[in-house]
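A short worksheet on the structure shown next.
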Amino acid sequence: MRGDDQQQNHIFSYVSPEARVRKDHPLRAIRAMVDEVLTQLSRRFDTMYARVGCPSIAPEKLLRAQLLQMLYSIRSERLLMEEMDYNLLFRWFVDLNADDDVWDATVFTKNRDRLLEADVATEFLVRVVEQARGQRADQRRTLYRRWHTAGGLGEHEELSAEGRKAVASPRRSRQSHGELSRPAAVE
C-alpha cells in the first residue's frame, strides 16, 4: 500500500541542538576554544555597550557567526543569515534555539562593525588561532610521547609534522627481497 504524502506544517522537537550535533564534529572543539576566549573578553564587551537602551545582538553571538562565515567561506552576511535560518549546526554553534529569529543582515552588519572598530573582532580571532595552535602542538607532543613510551616508533619510523607516523622504508635490493620471478634478470 502506498504511504500518504502528508505535508509538514509545523515542526515540534524535544531534542536540543546540542544533542543533534555529533560528539566528534570538528566544530565542537572549535566551539570550546571560542567559548573560552569569549569568557576572557567578557569585561571588554561590558565597556563597549551602554547599560540602558535597546539591547543589541550579543557580541558573543556576532563573533561566533562571523567565525562561521570565515570557516565556511560564506560570501556575504545575507547568505550567512540565510544559512543560519535553516542550518541547525550553525544555530548550535552561534547559540540560537531552533525557533529563535535570525537577525536581519543589515542589523548584523551594523553590530559587527562596532566590534571591528573597537578591534575586538581581530583580538578574538588572534586569540582563537593562538589557542588552536597551542592545543595542536600539545596534542602532537602527547601523541609522540605515547608512541615513544609504547615503543611504537621503530628503527625506520619517525613522526611527521602532523603528528602521524611516517615510515621510511630501507632501500630495496635483490639481496634484501630476492628475485622470485626472474632469477636471471639483468640490472
message: Just to verify a result, which residue in segment 35-90, among those that are part of a helix (DSSP H, G or I) and among the small types (Gly, Ala, Ser), is farthest from the chain's Cα centre (by Cα)?
response: SER42
query: Filter segment 80-89 for residues that are farther than 15 Å from ILE57 by Cβ and hydrophobic (A, V, I, L, M, F, W, C); which is modelled with the lowest pLDDT?
result: LEU88
Subset of segment 52-75 that is of a type in the set (Lys, Arg) and touching an Asp or Glu at 6+ places or on another chain (Cβ under 8 Å) - its residue that is farthest from PHE93 (Cα to Cα): LYS61
- request: Sort out which residues of segment 103-139 are over 14 Å from ILE30 (Cβ atoms) and of a type in the set (Phe, Trp, Tyr), and write them in order of number.
  value: TRP103, PHE108
message: Is it the case, given these coordinates, that LEU67 is in contact (Cβ under 8 Å) with a residue 60 or more places away in the chain, within 23 Å of VAL37 (Cα to Cα) and of a type outside the set (Ser, Thr, Tyr)?
response: yes
query: Across segment 80-95, which residue is surrounded by the fewest Cβ atoms within 10 Å (Cβ to Cβ) among those that are of a type in the set (A, V, I, L, M) and under 21 Å from LEU125 (Cα atoms)?
result: LEU89
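The values are calculated or read from the model by the stated rules, or taken from the named source; none is laboratory data. All figures in this text were calculated on a predicted structure; none of them were measured in a lab. Backbone-built Cβ (ideal geometry, glycine too); neighbour counts: all protein chains shown.
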